Structure formats: C-alpha cells, structure tokens
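Everything below concerns the one structure shown next.
Each reported figure results from applying straightforward, stated rules to the coordinates on display, with no laboratory input. Just so it is clear, the structure is predicted and the values come from calculations on it, not from any experiment. For neighbour counting, all protein chains shown are included, and Cβ atoms are generated from backbone atoms with ideal geometry for every residue, glycine included.
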Amino acid sequence: MPLISDINNNVLYLTLNRPEKLNALTDEMLTGLLSAFKKAEKDTNVRTIVLQGSGKGFCAGQDLPDLESKNRSFYEHINALYMPLVSKMRSLEKPILTAANGVIAGAGSALFLAGDLRVCSTRATLITAFSKIGLPGDTGITWMLTRQAGWNRAFELLTRSEKVSAHTLKDLHLCEHLFEESTFETDLIALAEQMASGPTRTYGLIKRALNHGMSSGFEEHLEYEAWLMDVAAQTADHAEGMTAFKEKRAPLFVGK
Ligand code: LHQ
C-alpha cells in the first residue's frame, strides 16, 4: 500500500510508503492523501495528524516518470491534485505534524512546510529541487518560503537547490522540533500524543485565527480574534480549563 493510515491514541498517522522511490508521489497517493485528510477532518476520534514517510525519505515530490506517462499539462495536474491537498492541510482545523526522518524534495518540501509543526530527525535534509529540472515551484512553496524564511532565503533555496541539513532548517524557522535520529520515533509519538490530548478544538481555532491574520489588516483581525474567543467560550474544553484552574489540578481536555 503506497499510503498507510493508522489511528492510535487519537493521532492519525499517514505514512507515505514507497521507500524504494523515496516516497515520490503518484496520482493514487495524492488522491488518497486528500481523502484521508477530508475523512480526518470529520472524525472526532482524530485529534492530531502526523504526515510522515517510510524508509530513508520523507517525500521526493512528484514521481517524475509517473507524470511523464500522463497526457496532462502541469497546470491541470497541480490544479487537480496538489492545490486541493495543500489547501486542505492549511485549512483543516486540527494540528498537522509533518515529520521527516530523511530527504525532503520538490513538492514534498511544500507538503512538509505546510505542516503546523514541522518535525525533523537529525538525518533529515531538504532540497527544493524544482529548479534542478527547470521549474519555479508549486504547491504553495514560494508563498510559504517567503513568509517563513524571508524573500531572500526563499530565492536562495529555490534557485540554488542545495541540500540543507535539519539543523539549518531549524535555524531558518522551517522546522520546530529537531530530534535525535535514535529517539526520533518515540519523541515524535510523544509530541503527537501531547498535542492530541490538548484542547484540540481550540487549536483548530488558533489555526483559523493565524490563517486569517496572514491576509487581514490589524483592526479587522482584532474583531475576528475577539469573535473567535466567544466561539471558544462555548467549548467543553474552555469550561474544563476554568474548572481545573480553580481546583488547582491538570485539565482533562476532550477536544470539544
Ligand atoms: C524518484 C524521485 C522522483 C521518481 C527519487 N520520482 N523517483 C508537480 C507536478 C507538475 C510538474 C512537476 O512538478 C511537480 C512537483 C514536484 O515535486 S517537481 C520535483 C520532483 N522531485 C525532484 O525533482 C527530486 C528528484 N530526486 C532527487 O533529486 C534525488 O532523488 C534526491 C535529492 C531527492 C535524493 O537523492 P539520493 O538520496 O541520492 O537518492 P536517489 O536519487 O538515488 O533516489 C533513490 C530512488 O528514488 C531512485 O530510484 P532507483 O530505482 O533509480 O534506485 C530514484 O530514481 C527515485 N526517486 N526521486 N521525484
């Protein structure tokens, strides 16, 4: 199976599973990923999602030979398969952790960067790779890199397509958590389960607020934030958080 889906302790693990091709993406994987994210959005049992790759790579981007065999323009292909996927990842109101224990390349870089928390092992590397085959980049990579690492870094990463280490990704604010290779799996699970046991409905509202703030003026955004506070005020997790505070105990959040 090129895409494995598994739920444990309220965490959905989506594993790209073509290790011999560094998890390069086929139509089947892209379609499967989008439907898995859509399903996870509705599944109350899923409170955090981890997107990872099996073997030595996170994802090497588009499977190039697979695309060559299709009779469709790049625009048609990106529009049909990549745009809805990355758009769903950014709007889905549950934490998404993208976790790399190896090479990240091409559109795989865009999917990695689209995570809410980007996690790397010390053996992870990223190469944008698009310009190596004469392409500027897609799946939001130019949008994300300018905002996350700055315009000039974005230009450097996209034009020179040099392999950067996990430590450099951390320095560039393109990775939030860097774990040792030897403990990567257990550290990742611990982080994912910690997120999944938090007030995940509120995390979704935080994601919505941050997304809104990316494209709104300050005064308008202040209004939006205040309105979201009222939405959160109705949640069970807000009530539990307040009660736990008064009772001087740890809160038990349910994600509702
Ligand atoms: C692959 C791939 C791959 C197939 C490694 N496909 N097999 C969207 C749609 C519209 C237009 C096009 O663009 C896009 C978005 C994109 O993602 S474009 C960018 C596509 N990705 C790339 O250009 C990256 C190509 N790969 C590489 O540059 C290297 O493989 C990297 C730097 C990722 C890793 O290098 P190594 O660690 O030296 O591994 P390797 O090159 O030996 O690869 C291992 C195997 O994986 C090998 O298979 P083989 O059967 O020969 O052993 C590669 O052919 C295969 N593979 N990437 N994208």
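Just to verify a result, which residue in the range 128-144, among those that are of a type outside the set (Ser, Thr, Tyr), crowded, with 20+ Cβ neighbours inside 10 Å and near the ligand (Cβ under 10 Å from one of its atoms), is nearest to Pro84 (Cα to Cα)?
Here the residue is Asp138.
Go through the residues of the range 10-17 one by one and say whether even a single one is in a helix (DSSP H, G or I) and under 14 Å from the mean Cα position of the chain (by Cα). Walk me through it before giving the result.
Keep residues of the range 10-17 that are in a helix (DSSP H, G or I), which gives none.
Within the range 10-17, none of the residues are in a helix (DSSP H, G or I) and under 14 Å from the mean Cα position of the chain (by Cα).
Tyr13: among the hydroxyl-bearing types (Ser, Thr, Tyr) and either within 14 Å of the ligand (Cβ to nearest atom) or in contact with a Phe, Trp or Tyr (Cβ under 9 Å, 6 or more places away or on another chain) (or both), yes or no? Step through it out loud before you land on a result.
Working: among the hydroxyl-bearing types (Ser, Thr, Tyr): yes; either within 14 Å of the ligand (Cβ to nearest atom) or in contact with a Phe, Trp or Tyr (Cβ under 9 Å, 6 or more places away or on another chain) (or both): no.
When the stated conditions are applied, Tyr13 does not pass them.
Residues are listed down the side, and each one gets a yes or a no for (1) loosely packed, with under 14 Cβ neighbours inside 10 Å; (2) among the β-branched types (Val, Ile, Thr); (3) within 22 Å of Leu252 (Cα to Cα):
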residue	(1), (2), (3)
Glu181	no, no, no
Ala190	yes, no, yes
Ala196	no, no, yes
Phe218	yes, no, no
Ala232	no, no, yes
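Find the helices (runs of 4 or more DSSP H) located wholly in the range 109-227 whose residues include 2 or more that are more than 19 Å from the chain's Cα centre (by Cα), and list them.
Values: elements: 141-149, 151-160, 166-171, 184-196, 200-213.
Answer list for the range 109-227: 151-160.
Kindly evaluate Ala24 against the criterion of being within 16 Å of the chain's Cα centre (by Cα), near the ligand (Cβ under 10 Å from one of its atoms) and either surrounded by 13 or more Cβ atoms within 10 Å (Cβ to Cβ) or of a type in the set (D, E, K, R) (or both). So that I can check it myself, show each step before the final result.
Numbers: within 16 Å of the chain's Cα centre (by Cα): no; near the ligand (Cβ under 10 Å from one of its atoms): yes; either surrounded by 13 or more Cβ atoms within 10 Å (Cβ to Cβ) or of a type in the set (D, E, K, R) (or both): yes.
No; evaluated as a whole, the condition is false for this residue.
Which of the residues spanning the range 57-100 are within 30 Å of Gly204 (Cβ to Cβ), away from the ligand (no atom under 13 Å from the Cβ) and not in a strand (DSSP E or B)?
Selection gives Pro84, Ser87, Lys88, Met89, Arg90, Ser91, Leu92, Glu93, Lys94, Pro95.
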